[in-house]
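Report on the structure given below.
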C-alpha cells in the first residue's frame, strides 16, 4: 500500500506522477489530504482519497497531560518556530496524525510519501516508524533544475545523506566529470539566471484559496491557512500577507554599485529561517560579526546581501546601521554574480553555499547543513549523479527510467546504514 500525504498542493503534481508510476506496477494507492483545495484538485484523478479532519473543537479534547506532552515534543519544530502554526494547534495536528496512522495499522510493505521531514505531520510519521516498520520518503527542492531531493528519513541535516559516513561502493565517479558538470551548470546559470519557484496566484486562484480556507475553518480541516488563523497569527502569512514586525514599509536601501575587487561574500538568511533557528548556533548578527573578522583576517572586504524575502524592518535597519559602523558593503546584485566575482563565500547554512561549491569558491559553513558534505569531491559526485531524483518538482514530470528501483535504492541505503550502526554498537560493547 502506498500513501501520499498532501499537506498543501505544493507537492501535488509530483506525487500524482509518482502514484501513476506505482499504479502501473499494481500497487494500491491512497492520497491523504488535510485541505479542501488539494482535495478538489485530486477529484480530477481516479485515486482513492482519505481526508484528515479535526474533531477536537466540537466534541473531543486532548487530555491536559497529553497536550502538554505533545507541546513539549513540538516546541522546537519548524512549523512552530517559523510561526506557521501555533504550538497548541501543532499538538492537535500531531495527535490527529498519530491517531490516523494507528488506525491505518501499516506494516513493512507500506510506504508513506510525506513532506520534507520537519513538519508536524512528518514528526508523527517518524515517531511511529519503528513500531510499525513502514517505509517513509521525504522530499524537498534540490535547487537544481529537473532534480528533487528524496530521502528515507528527512531533509538537510536530518537526512540519511547527511548521516551517512561512508560511500562504500555506491559511487565511483571521476573528478573530471564533476568539473564538466560544474562548468555546464555555471554556463547555463550565467546565460539565464532564473530560480524556479511556485507560480504566483491568479485572481481566480485567490478566490479558490479564500473559499477553500473558509470551508476548512467551517469543517475543522487542518489546512495551514486555517491552522494559522486558529493560532491567532493574523499578521503572519495569512492570505499571503507578511509580518513586518513594525508598522510602515520596508525602507529603501542605498546599495553599493561599485564593489571592491577582492571580497568575501556573505548572504544573510531570513531572520525566522528555521534552518538558523534549529540548525545553527549563529544568528544573522553573530554570523555577520564572524565573517567580518574572517574577511579582515584574509585581507578582504566584506560584501553582504540582505535576503529578498526579509520583512523584519528593525533587522534591516540594524544591518544598514552596522554597514556604516563596521565598514562592510551592502549589495543587491544577482546572488550568482556575487558568488562568481568573490574570492570567498561564507554562509550560515544557506543554499548559496551549494552554488559556491559548484563555482569552486572557498566556502565556509557555520551552521549544520548537508551541503557542507559536498565540499568533498566524492560526496559531491554521489549527490549530483546518484542521490538526487530526476524529476521536475513543480510540473511533476519524472525523468527516472525506473522510479520504483530508485525509491528502493534509498531504502537499501537506509537498511545498510542502520545495519552498520548496529555493528558499530556491538563492536564498541566488546
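Each reported figure results from applying straightforward, stated rules to the coordinates on display, with no laboratory input. These figures come from a predicted structure and were not determined experimentally. Glycine also receives a Cβ, built like all others from the backbone with ideal geometry; neighbour counts cover every protein chain displayed.
Helical runs (DSSP H, four residues minimum) scored at -39500 (n - 2.57) apiece and divided by the length of the chain put the mean residue ellipticity at 222 nm at -13000 deg cm²/dmol.
Using the Cα coordinates of the stretch 263-383, the gyration tensor eigenvalues translate into equivalent-ellipsoid semi-axes of 23, 17, 13 Å, sorted from longest to shortest. What is the distance in Å between the Cα centres of the stretch 280-323 and the stretch 129-186? Answer, in whole Å: 30. Largest GNM mean-square fluctuation across 260, 152, 308, computed for the chain with C-alpha springs under 10 Å, falls on 308. The length gained on full extension between residue 281 and residue 220, counted as 0.36 nm times the residue separation minus their Cα-Cα distance, comes to 18.2 nm. A Förster distance of 56 Å, applied to the separation of the beta-carbon atoms of residue 418 and residue 43, puts the FRET efficiency at 0.90. The calculated FRET efficiency for residue 24 paired with residue 332, based on their beta-carbon distance and R0 = 35 Å, is about 0.15. As a proxy for reagent exposure, 50, 73, 228 were ordered by neighbouring Cβ count within 10 angstrom, fewest first; the result is 50, 73, 228. In the chain, Rg over Rh equals 0.97, where Rg is the alpha-carbon radius of gyration and Rh the Kirkwood radius from pairwise Cα distances. Listed by Cβ neighbour count within 10 Å, with the fewest neighbours leading, 192, 97, 164 appear as 192, 164, 97. When the chain is modelled as a GNM with alpha-carbon springs shorter than 10 Å, which of 277, 286, 375 fluctuates the most? With Cα springs under 10 Å in the chain, the top fluctuation among 277, 286, 375 is at 286.
Kindly list the residues of the stretch 81-122 that lie in the label zone of residue 404, defined by a backbone N under 18 Å from the point 7 Å along the Cα-to-C-beta vector. Residues 107-113 qualify, since their backbone N sits under 18 Å from the label point.
Spin-label model, residue 210 to residue 167: label points 7 Å out along the Cα-to-beta-carbon direction sit 5.4 nm apart. Listed by Cβ neighbour count within 10 Å, with the fewest neighbours leading, 316, 190 appear as 190, 316. Peptides 181-187, 86-92 ranked from most to least packed, by the mean per-residue count of other Cβ atoms within 10 Å: 86-92, 181-187. GNM on the chain, alpha-carbon springs under 10 angstrom: the most fluctuating residue among 34, 293, 275 is 293.
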